[in-house]
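Step one of this worksheet: look at the structure below.
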Amino acid sequence: MTTLEDGSFDPGAIESLKRAMARSPDGAERVIAKFLADAPGWVETVRAAGARQDWGVLARTAHDLKSTARLLGGRGLGQLAARIEAAAKTDRMAAEDVARLDAALAALSAALEPYRARA
């Protein structure tokens, strides 16, 4: 599992989410499952919006990816998405960061999988 030592996953974020959603016993599990289902589509939308230079869609989608990844402890993915969002807001494409999204998402997805079952 990718951990906080390499800066890409903070497992403490899951505990914070579980505390925040204490009134919903399966709330954290549902958030994780929704992210795991939606994030690949967000990454594809980022890629497609960048290719057609649709800066508004690119910035909004990168923002959603950044926020949700950070909520779930995905520091690495959150940092990439933040740089993509910032570039899009100045009508630029952060191509190197976009190219790294798949690997960052795969790492976060692998890190979240054990929490999905026990969140």
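Worth pointing out:
- Any hit, segment 93-111, residues being small (Gly, Ala, Ser), more than 14 Å from the chain's Cα centre (by Cα) and surrounded by 18 or more Cβ atoms within 10 Å (Cβ to Cβ): yes
- Which numbered condition Asp26 misses (of (1) of a type outside the set (A, V, I, L, M); (2) touching a residue at least 40 places away in the same chain (Cβ under 8 Å); (3) buried (at least 17 other Cβ atoms within 10 Å of the Cβ)): (3)
- The number of residues in segment 60-88 being buried (at least 19 other Cβ atoms within 10 Å of the Cβ), in contact with a helix residue (DSSP H, G or I) (Cβ under 7 Å, 6 or more places away or on another chain) and farther than 18 Å from Ala28 by Cα comes to 11.
- Being free of Cβ contacts under 8 Å to residues at least 24 places away in the same chain and surrounded by 14 or more Cβ atoms within 10 Å (Cβ to Cβ) holds for only one residue in Val43, Val57, Val31, and it is Val57.
- Note on segment 89-119: residues that are closer than 22 Å to Ser24 by Cα and either of a type outside the set (D, E, K, R) or in contact with a strand residue (DSSP E or B) (Cβ under 9 Å, 6 or more places away or on another chain) (or both) amount to 5.
- Residue check for Ala59: at pLDDT 95 or above and hydrophobic (A, V, I, L, M, F, W, C): yes
- Scanning segment 61-119 for residues that are outside any helix (DSSP H, G or I) and of a type in the set (Ser, Thr, Tyr) yields a single hit, Thr90.
- Close pairs from segment 64-75: first within 14 Å of Ala37 (Cα to Cα) and at pLDDT below 95, partner surrounded by fewer than 17 Cβ atoms within 10 Å (Cβ to Cβ) and of a type in the set (S, T, N, Q), Cβ under 9 Å, at least 6 apart: none
- Boolean, Ala37 is under 20 Å from Ala103 (Cβ atoms) and not β-branched (Val, Ile, Thr): yes
The values are calculated or read from the model by the stated rules, or taken from the named source; none is laboratory data. No experiment lies behind these values; they were computed from the predicted model shown. Glycine gets a Cβ as well: all are built from the backbone with ideal geometry, and neighbour counts include every protein chain shown.
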